[in-house]
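Take a look at the structure below.
The values are calculated or read from the model by the stated rules, or taken from the named source; none is laboratory data. From a predicted model like this one, the values you see are computed outputs, not experimental measurements. With ideal geometry, Cβ positions are generated from the backbone for all residues, glycine too; neighbour counts draw on all protein chains shown.
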Amino acid sequence: MVRVFTLVCFMLISGFLAAQQETQYTQYMLNKFAFNPAYAGMDNSLSFTGVYRNQWINLPGGPESQQVNAHMPLYFLGGAGGINIENDLAGVQRNTSASLAYSYWLPMDRGSLAIGVEGGVIQKSLDGSKLRTPEGTFIDGSYITHNDNFLPAGIVSALVPTFNLGMYYKSQKLDVGISVNNLTEPQIRLNLLDGQNSEILYNRNYFLTLGLNFDIGAMWTLRPGVLAKSDLTQTETHFSTIVQYNDNIFVGASFRGYNSITVDALAFLAGLKLNERVTLSYSYDWTLSALNTVSSGSHEVLVNYNLGKPIGKGLLPKIIYNPRYE
């Protein structure tokens, strides 16, 4: 809790701060709609994904995230739609978001190109009752006062709209996506004590993904991929590879970082199809950064349900009225 307190105090006393980059997920390659609205409908049916992540185990206040989304083709609208819901808790701070997305498809000779837009809201909250200040007043561990006007006594929260934009190209062998989240760089103001406030800026975040698909014989598939995300101040990269057998069981590895300063983690993942519609996967991050002295890694579980068949495909033929029978 001391680490959490120090971090929060630094951010609040600054009066104006920028929010961290988007929530970290190791299994990004299995959940691309989470950060690119243009991917909506690319699973060719109703697709539902749920993810739970517990980051930096044993580190007090380490991030804990849950995300669910669903998307499906909307043929009568020439594209697809979807919904994203996420809850991210880090220390005494919580970010909760909900959004709706639409992607417009542009069929091409050897693949599909989609342009997606997404709009929703973000709620940020800070629970001051969980903080313990050196000069605060406490009785039997219970909070009385922090004696600091920059720290709230209880939970404070605020809500702002947010918009995302993306493009995605998919073919049999190649996937390429680019997207930007927090397009308008929304700013949240948390009202603290005695008229004090903290203004939080959600920076624009850019995502670039590249994935390849190679068949190795009749039973094996190799899927290397890269994800780069940046707010133009900090950049993070993921290099990953998945090997799948018989379109069912798969294993993979992912490396996060691109030089000695940005090296973060080496991850291992494995999964399988429980049946024709449900896929389950798990990943473990082995921390390589300085946090490895206080953390025993990160766990992430992903479940995907795919209906596996079109819903309302195509348009109904126009009704032609015969004047002889009117």
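Please indicate, with yes or no, whether at least one residue in the range 84-92 is at pLDDT 95 or above, among the hydrophobic types (A, V, I, L, M, F, W, C) and surrounded by fewer than 19 Cβ atoms within 10 Å (Cβ to Cβ).
yes
Name every residue in the range 265-285 that is closer than 25 Å to Leu46 by Cα and in a strand (DSSP E or B), in order of residue number.
So in the range 265-285, the residues closer than 25 Å to Leu46 by Cα come out as 269-283.
Passing the criteria: Leu269, Ala270, Gly271, Leu272, Lys273, Val278, Thr279, Leu280, Ser281, Tyr282, Ser283.
I need the full set of residues from the range 280-304 which are farther than 21 Å from Pro63 by Cα and crowded, with 19+ Cβ neighbours inside 10 Å, in order please.
Asn304
Within the set of pairs 6 or more residues apart or between chains, which connect a residue that is farther than 15 Å from Val278 by Cα inside the range 38-49 to a residue that is of a type in the set (Phe, Trp, Tyr) and outside any loop (DSSP other than H, G, I, E, B) with Cβ atoms less than 8 Å apart?
So the pair list comes out as Ala38/Tyr168; Tyr39/Phe33; Tyr39/Tyr168; Ala40/Phe33; Ala40/Tyr102; Gly41/Trp105; Met42/Phe33; Met42/Tyr168.
When the range 295-316 is examined, which residues are found to be in contact with a helix residue (DSSP H, G or I) (Cβ under 8 Å, 6 or more places away or on another chain) and modelled with pLDDT of 85 or more?
Those that are in contact with a helix residue (DSSP H, G or I) (Cβ under 8 Å, 6 or more places away or on another chain) and modelled with pLDDT of 85 or more: Leu302, Asn304.
Across the range 189-202, which residue is modelled with the lowest pLDDT among those that are surrounded by 16 or more Cβ atoms within 10 Å (Cβ to Cβ) and under 20 Å from the mean Cα position of the chain (by Cα)?
Ile200
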